[in-house]
1. Using the membrane-span-like helix rule (whole DSSP H runs, Cα extent along the own axis of at least 18 Å, mean Kyte-Doolittle hydropathy at least -0.5), which helices of the chain qualify?
2. Using the reciprocal of the averaged 1/r over all distinct C-alpha pairs, how large is the Kirkwood radius of segment 2-93 in Å?
3. Check each of the trypsin sites (Lys or Arg not before Pro) in segment 3-96 and keep only those in coil by DSSP with at most 10 other C-beta atoms within 10 angstrom; list them in order.
4. Please give the Cα centre distance for segment 1-42 versus segment 61-88, rounded to the nearest Å.
5. For ALA11, list long-range residues whose amide hydrogen, built 1.01 Å from N in the peptide plane, is under 5 Å from its own amide hydrogen.
6. Counting helices only, and only those DSSP H runs with n ≥ 4, report the 222 nm mean residue ellipticity of the chain as the sum of -39,500 (n - 2.57) divided by its residues, in deg cm²/dmol to the nearest 500.
7. With only Lys, Arg, Asp and Glu charged, each at its Cβ (+1 for the first two, -1 for the last two), find how big the charge dipole of the chain is about the Cα centre; round to the nearest 20 debye.
8. Loop-only check: which GluC sites (Glu not before Pro) in segment 1-57 are DSSP coil with at most 15 other Cβ within 10 angstrom?
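Throughout, read-outs are computed from the coordinates displayed, never taken from laboratory work. The structure displayed is predicted, hence computed values, not measured ones. So basically every Cβ, Gly included, is an ideal-geometry build from the backbone, and we count neighbours across all protein chains shown.
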Amino acid sequence: MIGIVAKLPIAEGKEEEFEAVAKDLMAQVKANEPGCTTYQLYKSQKEPNTYIFMEQYASQEALAAHGKTEYFQAAQPKLGPCLAGAPDIQMYDIVE
């Protein structure tokens, strides 16, 4: 299993737009990617313009397939203008 935490700083005034695109993306991932066992967006309680996606993939192949999906590719140009800076993406291996 591969875990990902993607921390995203969102520009002021872009929260609603970001959340709308992110919610659609979450729904697409959950409906179409059996190799993605978790794909959830969270909003920081302390930093209102900071969000994280917590993701979990069954394999490297499932992660690679996720990045190649049509809906993921289509979401990127919509999400990009909402960002206030570069995303911080951290990858983790499961500990069992």
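1. Numbers: long enough: 15-32 (25 Å, -0.46).
In the chain, the long hydrophobic H runs are 15-32.
2. Working: mean 1/r = 0.0745 Å⁻¹.
Every distinct Cα pair counted, the radius reaches 13.4 Å.
3. On the way: sites: LYS7, LYS14, LYS23, LYS30, LYS43, LYS46, LYS68, LYS78; in loops: LYS14, LYS46.
Taking segment 3-96 and a limit of 10 other Cβ atoms within 10 Å, the loop trypsin sites (Lys or Arg not before Pro) found are LYS46.
4. Between the Cα centres of segment 1-42 and segment 61-88 lies a distance of 9 Å.
5. LEU83, ALA84
6. Values: 3 runs with 37 residues, N = 96.
Result for the chain, helices only: -12000 deg cm²/dmol.
7. On the way: 8 positive and 14 negative charges, 18 e Å.
Here the size comes out at about 80 debye.
8. On the way: sites: GLU12, GLU15, GLU16, GLU17, GLU19, GLU55; in loops: GLU12.
Hits after loop and neighbour filter: GLU12.
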